[in-house]
1. Of the residues in region 202-230, how many are over 15 Å from Ser282 (Cα atoms) and not in a helix (DSSP H, G or I)?
2. If you take the residues in region 183-201 that are of a type in the set (A, V, I, L, M, F, W, C) and assigned to a helix (DSSP H, G or I), which one is surrounded by the fewest Cβ atoms within 10 Å (Cβ to Cβ)?
3. Can you tell me which of Phe211, Phe180, Phe225 is touching a His at 6+ places or on another chain (Cβ under 8 Å) and either at positive phi or open to solvent by less than 90 Å² (accessible area, probe 1.4 Å) (or both)?
4. Across region 142-166, what is the total count of residues that are among the aromatic types (Phe, Trp, Tyr) and open to solvent by 30 Å² or more (accessible area, probe 1.4 Å)?
Amino acid sequence: MEIASSFTTVLSSQPFFVPTIVTALCLLLTLFAFTTVRSISSKASKSVVDGCDFAASANKKGGGGGGGCDCVCKCTSPEMVEKVNSAAVIAAERQTGASMMEQLVPEITTHALSYLDYPSLCRLSMTNSLMRKAANDDNAWKALYHKDFTWEQDSVTPANGWKAYYAATRAIVNINTEFFNIIRERSLPAMSRFWLNADFVKCVHASGELFSGYNAVIQSWQLAFTWEQGVNFQVRDVRARVMSEMAWVSMKTFVDMDSGPFNVTNTFEFHNGRWYMVHHHSSVMTIDGDVEQQLVHA
């Protein structure tokens, strides 16, 4: 009792004694927290985050001597939040040995990359090694193939992977587009270079007439370009299949958008480093029996 009364007397006689004690305790707690945070940071990365107050407590688990830290950070600005998040990402990557991208489930990565188009995915692969690995993933190119072309070949297993198969299909589709551009321009020299100079090439125009052999095929196009005064047509539902040295493309063409569509199939062979057309077949799709009018357009 005497000690308590003496302590009370001292406190009442010295009004600044209590704040001094509280300040000393705060300094000790701050030093302890700083030492704990510095020990954790040295294991992950050496970083300083200003403007944050940390309250840390070390919790020992089991008897193995392992420690853990629960940190609560209150930041006064969005910049501080970004710094803390960056520090946490770096710490997680160095502790696990893997980046955040590598820790994602493969299906999530593939789904995220599926929103990119062909040029964007190619540019992404040139940023760094991590992005190159993600952008070259076979599943990402398979998803892009389905989005840009067709689901009909979902069961196909390309010999050189889906990226190479996508590139080959893209090349064939572009060549097929060039064929229709030649027709629009009515360029006989371009059409002559487009076809393979061989006696087995064949061309069936929409009229149903068959032309066999290179010379006969080119003459048929010369006749068509002479008669036609210009054709405004649209190409729809393009489907391509590419093999090592052969490819074929099926589609529908609409002439002037007034008549019914034509079924068209183009076949290509790969010779001397480029693709050549070896077969063209166009036939009328009957709509309400109005074949005669469509043959006129053909």
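The values are calculated or read from the model by the stated rules, or taken from the named source; none is laboratory data. Quick caveat: nothing in here was measured; it's all calculated off a predicted structure. Virtual Cβ from ideal backbone geometry, glycine too; neighbours counted across all protein chains shown. SASA here: full protein model, heavy atoms, side chains in, ligands and nucleic acids out. Shrake-Rupley method; radii C 1.70, N 1.55, O 1.52, S 1.80 Å.
1. Here the count works out to 4.
2. Among them, the one singled out is Ala190.
3. Phe211
4. Keep residues of region 142-166 that are among the aromatic types (Phe, Trp, Tyr), which gives 145, 149, 151, 162, 165-166.
Right, trim to open to solvent by 30 Å² or more (accessible area, probe 1.4 Å) and you get 149, 151.
Result for region 142-166: 2.
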